[in-house]
Amino acid sequence: RGYWNNAVVRFCIDIPREYPSAHPVITLMTRVSHPLVRLEDGRFALEQQFPQWTPYSDYIFHALHYLKNAFKNRVLKQLQPRECYNISAYMKFKNDLPQFREHARIDSLQSRHPNALYGSQPPDCPIVFTQLSEDQFESTMQQIKSFVAVANPPVAA
């Protein structure tokens, strides 16, 4: 659901040495035309939700939750131009919703292209996507199912 339906959005979280006193920096590795994402480098405007990052009150999971919600209509509707890195995307959302929707649809399609999913990865990225053959996929699914069966045995009545 939503404008970026079925998109695969890859991102990086940089946790500064000063954390939790300083906020993390979220950078989208997937090109997305979104008001809160800077086109030049993919930086996500976390400051919109956390103008003053508060140690031991604001945590990384709050930032991730906001990243997810930022793609929803209720957050997009509340944005103000001063909070946006991508004014062009903001103006499309406010003034030309069909065009905004089309850009998001194209972003979503491109995000699922094999080059976007399996192409070059940053050298320090701990999560790497690899394409599986049918046999590899089936084998992996069987391993997952057997693990789930062992971890969750049936309860006797």
Restricting to DSSP H runs of at least four residues, report the calculated mean residue ellipticity at 222 nm for the chain, -39500 (n - 2.57) per run over all residues, nearest 500 deg cm²/dmol. -12000 deg cm²/dmol
What's the center-to-center distance, using Cα atoms, between the range 97-135 and the range 1-33 in Å? 14 Å
Within a Gaussian network of the chain (alpha carbon springs, distance under 10 Å), most fluctuating of Phe50, Phe137, Phe61: Phe137
Could you give the length gained on full extension between Met91 and Leu117, defined as 0.36 nm per residue of separation minus the Cα-Cα distance, in nm? 6.5 nm
Charged-residue dipole, Cβ positions (Lys, Arg, Asp, Glu), the chain about Cα centre, Debye nearest 20: 640 debye
Using the Cβ atoms and a cut-off under 13 Å, what net charge is assigned to the surroundings of Lys92, where Lys and Arg are +1 and Asp and Glu are -1? 0
For the chain, built as a Gaussian network whose Cα springs stay under 10 Å, the top-fluctuating residue of Lys68, Lys145, Lys77: Lys145
First select every other residue whose beta carbon is under 9 angstrom from the beta carbon of Trp4; then total the charges, Lys and Arg +1, Asp and Glu -1. 0
For Phe44, Phe71, write out the residues from largest to smallest accessible area, computed with a 1.4 angstrom probe and no ligands counted. Phe71, Phe44
Contact order normalised by residue count of the chain, Cα under 8 Å, 6+ apart, percent: 24 percent
Determine the per residue accessible area of the chain with all protein chains present and a 1.4 angstrom probe, expressed in square angstrom. 68 Å²
Quick one: compute a quarter of the convex hull surface over the Cα atoms of the range 1-103 and quote it in nm². 6.5 nm²
Per-residue counts of other Cβ atoms within 10 Å, averaged by peptide: what ranking do you get for 121-128, 36-43, highest first? 36-43, 121-128
Within the accessible area of the chain, what % is carbon and sulfur when the probe is 1.4 Å and the other protein chains stay in place? 55 percent
Quick tally, 1.4 Å probe accessible area for His113, His103, sorted with the most first, runs His113, His103
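The values are calculated or read from the model by the stated rules, or taken from the named source; none is laboratory data. In this text the structure is predicted, and so the values were computed from the model without any measurement. Glycine gets a Cβ as well: all are built from the backbone with ideal geometry, and neighbour counts include every protein chain shown. What goes into the accessible areas is simple: the full protein's heavy atoms, side chains included, and nothing from ligands, DNA or RNA. Shrake-Rupley method; radii C 1.70, N 1.55, O 1.52, S 1.80 Å.
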